[in-house]
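Peer 1: Once you've had a glance at the structure underneath, I'll fire off some questions.
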Amino acid sequence: MRGSASVPGIREITLTEREVRPADDLVRRFVGEYGSADEIGLLTRLAGHRDVLPVRLTDALAGVRRRLGSPVTVVRRPPPEEDVGPTPSHWRLRGRAATAAHDLWLALVAMQAGDPVCWQTLQDGRLFNDVLPIRGEEHAQTGHGSLHHLDFHVEDAFDDHRCDVLALLCLRNPDLVATTVADVGALAGIGADDDELLRRPRFGILPDPEHLRTSRSADPSPVWRPVLSGGSQPYLRVDPAYTTTAPGDDASAQAFSRLCRRLEAALVRVRLGPGDLVVIDNHRAVHGRDPFAPRYDGTDRWLRKLTLTFDLQRSSGRRRDGSRALALS
Ligand SMILES: [Fe+2]
């Protein structure tokens, strides 16, 4: 696995103090006015202020929205001045105001690539989700695990209306635990037989347990879908930890295995520091995380997650279990 410097499919943008100052000033003004970022009206206003961001950043993220840009964009900046306090032991225990300035920075940048949406079945339907280790979940294949690799995956692969873009902002990462990413470039040279098999609806994809834990209405059965779709640069729907094939369908199982090996071999490590964020095209890239030892002392790795769609109309449509919440309109 490689580091992220000069890797095809990953664009790195490092902003200077001077470049982030107009955005930081705006964020502070809005935090003073609203107190927290959990206000739909605030995000609507924020979306109208793209001019406080450097053009080289907004241009890059407009490319993501058009699916012409890099599948993965890393945006680095000088660490923000605002203190977020200790990493909470559970997402329910986060103070609403603690991360307001960071959340608004995340939203301001990420909204250049899409419109925010969230799930009623994740973290009480909060728009911004916490990625942090939780005691007792060390072995979980979710954003709350720690001791094992979080297998690479497409976010919410089980859902036909999963997010188009995923943005992760780092609040704290003292051990520089890596986020792992790989993009569709890894599929170059895939055999015609495998390509054809992987485009058939022979792959049963389950929702991860986080969706089932808080909602009795969430449907725990797999959806049977292709894991590749689209043209010569296919879209990915790959989530190995939650994907199965029918008994006896060895050809599909082996093709899926070969696909996963290709992605595994292409994984790149992205190490985020406070204030850095990564914007991931959820159709052209997969993401995961390296293992780490949790401390549970307030200094653990802590990210904020925002998911975005290119088509709010589609996202507000019918869900198979009614689990999607529309966040911004
Ligand atoms: Fe994820």
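Peer 1: Work out how much length residue 36 to residue 224 would gain on full extension: take 0.36 nm times their residue separation and subtract the Cα-Cα distance, in nm to one decimal.
Peer 2: Details: separation 188, 0.36 × 188 = 67.68 nm, distance 4.00 nm.
Stretched out fully, the residue 36 to residue 224 stretch lengthens by 63.7 nm.
Peer 1: Kindly state, to the nearest 0.05, the FRET efficiency for residue 160 paired with residue 16, given R0 = 41 Å and r defined as their beta-carbon distance.
Peer 2: Efficiency computed from Cβ-Cβ geometry: 0.50.
Peer 1: Using the 2.2 N^0.38 Å rule of thumb for compact globular proteins, work out how the chain stacks up: its C-alpha Rg over that value, please. The partial results should precede the final answer.
Peer 2: Working: Rg = 19.1 Å, N = 329, 2.2 N^0.38 = 19.9 Å.
So the chain has a normalised radius of gyration of 0.96.
Peer 1: Please compute the Kirkwood hydrodynamic radius over the stretch 82-236, one decimal place, Å, based on all pairs of different Cα atoms.
Peer 2: On the way: mean 1/r = 0.0558 Å⁻¹.
The answer is 17.9 Å.
Peer 1: Something else about it: Amide H to amide H, which residues 5 or more places from residue 11 or on other chains are under 5 Å from it, using H placed in the peptide plane?
Peer 2: HN-HN under 5 Å from residue 11: 72, 73, 74.
Peer 1: Looking at 110, 100, 150, which one has the Cα that reaches farthest to the positive end of the dipole of the stretch 67-193 (charges on Cβ: Lys, Arg +1; Asp, Glu -1)?
Peer 2: 100
Peer 1: In addition: Mind checking the dipole of the chain: about its Cα centre, +1 per Lys or Arg Cβ, -1 per Asp or Glu Cβ, Debye to the nearest 20?
Peer 2: It comes to approximately 320 debye.
Peer 1: Ok, one more. List the residues, sorted by chain then number, that are 5 or more residues from residue 235 or on another chain and whose placed amide H is less than 5 Å from its amide H.
Peer 2: 229, 230
Peer 1: Further, regarding this structure: Could you give me the ³J(HN,Hα) list for the stretch 133-147, computed from phi with Karplus coefficients 6.51, -1.76, 1.60 and θ = phi - 60°, whole Hz, x at Gly and Pro?
Peer 2: Rounded to whole hertz, the list is x, 10, 4, x, 10, 4, 9, 6, 8, 9, x, 10, x, 7, 6.
Peer 1: Over the Cα atoms of the stretch 154-287, what is the Rg over Rh ratio if Rh follows Kirkwood?
Peer 2: Rg/Rh: 0.99.
Peer 1: Scan the chain and hand back the longest stretch that contains none of the trypsin sites (Lys or Arg not before Pro) lying in DSSP loops with at most 10 other Cβ atoms within 10 Å. Kindly include the intermediate steps, with their values, before the conclusion.
Peer 2: Numbers: sites that count: 66, 216, 318.
It works out to 67-215.
Peer 1: Which value in nm describes the separation of the simple spin-label points at residue 139 and residue 44, placed 7 Å from the Cα toward the beta carbon?
Peer 2: Output for this residue pair reads 4.8 nm.
Peer 1: Using a simple spin-label model with points 7 Å from Cα along the Cα→Cβ vector, what separation in nm is obtained for residue 262 and residue 176?
Peer 2: Label-label distance for residue 262 and residue 176, simple model: 3.2 nm.
Peer 1: What does the charge count around residue 283 come to, taking other residues whose C-beta lies under 11 Å from its C-beta (Lys +1, Arg +1, Asp -1, Glu -1)? Could you put the intermediate results ahead of the total?
Peer 2: On the way: positive: 67, 162, 237, 284; negative: 155, 164, 183, 281.
Here the count lands on 0.
Peer 1: Report, to one decimal in Å, the Kirkwood hydrodynamic radius for the stretch 81-125 based on all distinct Cα pairs. Let's see the in-between values first.
Peer 2: Working: mean 1/r = 0.0817 Å⁻¹.
Averaging 1/r across every pair of different Cα atoms and inverting gives 12.2 Å.
Peer 1: Something else now. Please work out the FRET efficiency for the pair residue 254 and residue 76, using the Cβ-Cβ distance as r and a Förster radius of 35 Å; give the result to the nearest 0.05. Each step should come with its number before you reach the end.
Peer 2: Details: r = 40 Å, r/R0 = 1.14.
The pair residue 254/residue 76 has a calculated efficiency of 0.30.
Every number in this text was worked out from the coordinates using simple rules, so none of it is lab data. Keep in mind it's a predicted model, so treat the numbers as computed, not measured. Neighbour counts are summed over all protein chains in view; Cβ atoms, including those assigned to glycine, are modelled from backbone coordinates with ideal geometry.
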